[in-house]
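The values are calculated or read from the model by the stated rules, or taken from the named source; none is laboratory data. Because the structure is a prediction, the values reported are computed rather than measured. No Cβ is skipped: glycine too gets one built from the backbone with ideal geometry, and neighbour counts run over all protein chains shown.
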Amino acid sequence: MKNLTFALTLTILTTSASAKEVERVTLINHQGNKEVFNRNEKGNIIGTKKVFSPRGYLISEGKFEEGKEIGLHKRYFPNGKIESLIYHPDMRIDYSEDGKIIQLVCASVAYLEEDKNLCGWNKISNVTVNGRNYTYEQGKLIKFQDFHSKGKLKTENVYQGENETRKNFYPSGKLKSEKFLVSKELQAEKDYYENGKLKAEFKYELKNGEVFYYKKTYFENGNPEVEGKFKRDPKHSYDLAIGLRKTYYEITGLAYEENHNNEGQLDGESIYYGENGRVTIRRVYKNGELVSEKNF
């Protein structure tokens, strides 16, 4: 009784028409559960394997081929209700004990009546999992929604082929941001103030392995704040300005404009303005070095 793991093992040898030996094995595993399965001459599990609790109720059952799980596998709660439906290699449905779905993984084909309905093979389906909404069509996720604690929409992702739109919302329900992706690559994004006015917009471009983007930000009153082209640089903790960058006063307009080379260094003419719109300083740079300066 000290070694419960293999305390109970019954082995029956049978011979098939092809002269292959198969063992019928019953054993107690390290958790104290009884496992019943067939094992071939290679020592691999084949056919159906069942696991029972010490009290005798069925915990799980599923098919094996040369020791690998195949096809449908089921797990059960002590009351006999389904805990999991797993169809190898790529479909899974997990349930809570009260029958609610807590995980859903849809496959590229329908295997069972359950996933046929939940994964939108018969018609577009709407499934709630852990308070989040999932919409499926022909096994593909086409919409995802998450919510704030008071029930207002927090996140909404919409999928159309290779195109994806991601939206985030303020607790008030107002749009906070949206991103646009193609083949999982970010193409553009917009941020909004809670009053609905545009806060920032970005357009991305991948060129020779480097990420460039155009950025324009706005004050809450709707006036422009900063605009220009930038480059992501892993050598720096900040993005590098490329070409012309303009910065504005909140009320009166342009504050200064600076030119940069492809390394993010000031290069060329930089002009600074007073709030009255007049030029106050004019500087010329070469590869980050000040060449000349004139004050007005």
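The single residue among Leu254, Leu240 that is closer than 30 Å to Lys197 by Cβ, buried (at least 17 other Cβ atoms within 10 Å of the Cβ) and among the hydrophobic types (A, V, I, L, M, F, W, C) turns out to be Leu240. Screening Val226, Val291 for residues that are assigned to a strand (DSSP E or B), under 36 Å from the mean Cα position of the chain (by Cα) and β-branched (Val, Ile, Thr) leaves exactly one candidate, Val226. A single member of Ile271, Ile242 is in a strand (DSSP E or B), β-branched (Val, Ile, Thr), farther than 22 Å from Phe180 by Cα and over 37 Å from the mean Cα position of the chain (by Cα), and it is Ile271. The set of residues in the stretch 1-49 being assigned to a strand (DSSP E or B), over 19 Å from Ile70 (Cα atoms), polar (S, T, N, Q) and at pLDDT 95 or above consists of Thr26 alone. Contact map, the stretch 225-245: first residue within 13 Å of Asn261 (Cα to Cα) and at pLDDT 95 or above, second residue assigned to a strand (DSSP E or B) and among the hydroxyl-bearing types (Ser, Thr, Tyr), Cβ cut-off under 6 Å, separation 6 or more or different chains; pairs are Lys229/Tyr214; Phe230/Tyr213.
Using the structure shown, decide if Asn262 is under 30 Å from Asn208 (Cα atoms) and either in contact with a Gly (Cβ under 9 Å, 6 or more places away or on another chain) or buried (at least 17 other Cβ atoms within 10 Å of the Cβ) (or both).
Working: under 30 Å from Asn208 (Cα atoms): yes; either in contact with a Gly (Cβ under 9 Å, 6 or more places away or on another chain) or buried (at least 17 other Cβ atoms within 10 Å of the Cβ) (or both): yes.
When the stated conditions are applied, Asn262 passes them.
Looking at Lys174, Lys116, Lys179, Lys150, can you tell me which residue is of a type in the set (Lys, Arg) and farther than 30 Å from Glu201 by Cα? Explain how you work it out, then say what you get.
Working: Lys174 fails: farther than 30 Å from Glu201 by Cα; Lys179 fails: farther than 30 Å from Glu201 by Cα; Lys150 fails: farther than 30 Å from Glu201 by Cα.
After ruling out the rest, the residue left standing is Lys116.
Elements of the type strands (runs of 3 or more DSSP E) sitting completely within the stretch 50-156 and holding at least 3 residues that are of a type in the set (A, V, I, L, M, F, W, C): these cover 58-65, 82-88, 101-105, 140-147. Of everything in the stretch 23-67 that is over 23 Å from Met91 (Cβ atoms) and of a type in the set (Lys, Arg), the residue that is surrounded by the fewest Cβ atoms within 10 Å (Cβ to Cβ) is Arg55. Contact list please: Cβ distance under 7 Å, first residue in the stretch 20-33 and more than 17 Å from Tyr57 (Cα to Cα), second residue among the acidic types (Asp, Glu), pairs at least six apart or on different chains. Listed pairs, sorted by first residue: Lys20/Glu41; Glu21/Glu41.
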